[in-house]
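Values in this text are rule-based calculations from the coordinates and carry no lab data. If you're wondering where the values come from, they're calculated on a predicted model, not measured in any experiment. As a convention, Cβ positions derive from the backbone with ideal geometry for all residues, glycine included, and neighbour counts pool all protein chains shown.
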Amino acid sequence: MTPKETALARLTGNRLLYIDMLEVLRRGTAQVRRAGPDGVLLYDPPSEVWFVDAETPAVLEEMLPMMEGCTILTGHQMWYKDALAARFGFQTEQICHQSAWMADQPPEVPDFGGEILRLDRSWAEWTEAHYSHSFGGVAYMEEAIDRGMLGAFVAGKPAGFIATHIEGSMGMLEVLPQYRRKGIGEALLLAMTSFCLEQGKYPYGQVFTDNGPSLALQRKVGMTVSEELLFWLF
């Protein structure tokens with residue numbers, strides 16, 4: 001088997017946990033740096049993210065020299081989080097559940113009394129100003145819009161938006177305060193799920209373990225949420 005085929009054989013055994021790795025392989029941007037039945041190491045140049053999957057300390061030790069210069073990574077087993085943070089000097093960690101649409105059929109988007117439209121770059125400054133977790137500035141929003149950002153409108157006024165991050169996860173879900181608790185977040189999440197499916201992408205997101213409302217929303221709309229945790233370091 002090719003390295004990619006070996007990686008897929010390993011990762012498809014737990015599709016929910018590894019759906020982020022499967023997505024960068026699907027879109028053809030990931031480099032397979034190591035693949036075996038006991039672990040996979042991917043590097044995705046567009047996002048500069050390393051994706052780590054290692055069952056044993058021996059596998060992790062084999063991977064580490066390949067990752068020199070790593071500035072951001074996501075790991076799929078918690079046991080080596082602290083070791084990688086120490087090795088690369090990372091100061092920030094985020095612990096998440098994987099969430100994905102696993103059903104065979106696309107979802108139905110519920111009616112919320114408005115409409116959902118694809119946004120263009122003229123919305124970049126507005127979305128950046130209204131995104132409560134902004135970190136990449138207007139340029140990041142422009143890139144997200146190019147990938148496909150959806151906006152919810154009520155009576156012609158913007159009420160919220162959603163997009164995908166550069167590595168492929170759905171996110172940036174924001175509903176303006178005056179429009180919350182009206183089903184708009186649910187509609188946006190399901191609309192983006194359908195949008196991803198139409199493009200042949202795997203619809204998935206990553207939710208912080210302490211974000212109870214978001215986890216509840218994921219489950220409410222029919223997403224499958226992993227019991228296993230993954231982490232980000234940067």
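Assorted remarks:
- Label point distance in nm, Glu5-Phe135, each placed 7 Å from Cα along Cα→Cβ: 3.8
- Placing a label point 7 Å from the Cα of Arg87 along the Cα-to-Cβ direction, the residues of segment 204-234 with a backbone N closer than 17 Å are 231-234.
- Debye equation applied to the C-alpha atoms of segment 112-234, log10 I(q)/I(0) at 0.12, 0.13, 0.19, 0.21 Å⁻¹: -0.42, -0.50, -1.11, -1.36
- Near Gly28, once Lys and Arg are set to +1 and Asp and Glu to -1 for all other residues with Cβ below 13 Å from its Cβ, the sum equals +2.
- Segment 84-161 shape via C-alpha gyration tensor axes, a/c threshold 1.5: oblate
- Taking every C-alpha pair closer than 8 Å and separated by at least 6 residues, the mean separation divided by the residue count of the chain gives a relative contact order of 25 percent.
- You can think of it this way: the chain between Trp126 and Glu227 has 32.8 nm of extra reach, that is 0.36 nm per residue less the Cα-Cα gap.
- Proxy reagent accessibility, fewest Cβ within 10 Å first, across Trp123, Trp50: Trp123, Trp50
- Ratio Rg/Rh [Cα only; Rh per Kirkwood] for segment 147-218: 0.96
- Point-to-point label distance, Leu197-Arg33, nm (Cα→Cβ direction, 7 Å offset): 3.5
- Each label point was placed 7 Å from the Cα along the Cα-to-Cβ direction; for Thr209 and Phe153 their separation is 4.2 nm.
- Across segment 130-234, the mean sequence separation of Cα contacts (distance under 8 Å, 6 or more residues apart), normalised by length, yields a relative contact order of 18 percent.
- Neighbour-count ranking [beta-carbon atoms within 10 angstrom, fewest first] of Phe153, Phe208: Phe208, Phe153
- Proxy reagent accessibility, fewest Cβ within 10 Å first, across Thr209, Thr92: Thr92, Thr209
- Whether segment 26-164 is rounded, prolate or oblate, judged on the alpha carbon gyration tensor where a/c under 1.5 counts as rounded: prolate
- What the phi angles of segment 91-103 give under the Karplus curve with 6.51, -1.76 and 1.60, with θ = phi - 60°, is a coupling list of 10, 10, 10, 9, 10, 9, 9, 7, 9, 8, 8, 9, 6 Hz, glycine and proline written as x.
- In the calculated pair-distance distribution of segment 3-100, the portion above 18 angstrom amounts to 41 percent of the Cα-Cα pairs.
- Environment charge at Thr71 (Cβ cut-off 15 Å; Lys +1, Arg +1, Asp -1, Glu -1): -4
- Segment 33-83, dipole about Cα centre (Lys/Arg Cβ +1, Asp/Glu Cβ -1), debye to the nearest 20: 60
- For Leu173, the amide hydrogen comes within under 5 Å of the amide hydrogens of Ala163, counting only partners 5 or more places away or on other chains and with H modelled in the peptide plane.
- Sequence-distant residues sharing a close amide H with Gly160 (under 5 Å, placed H): Ala152, Leu176
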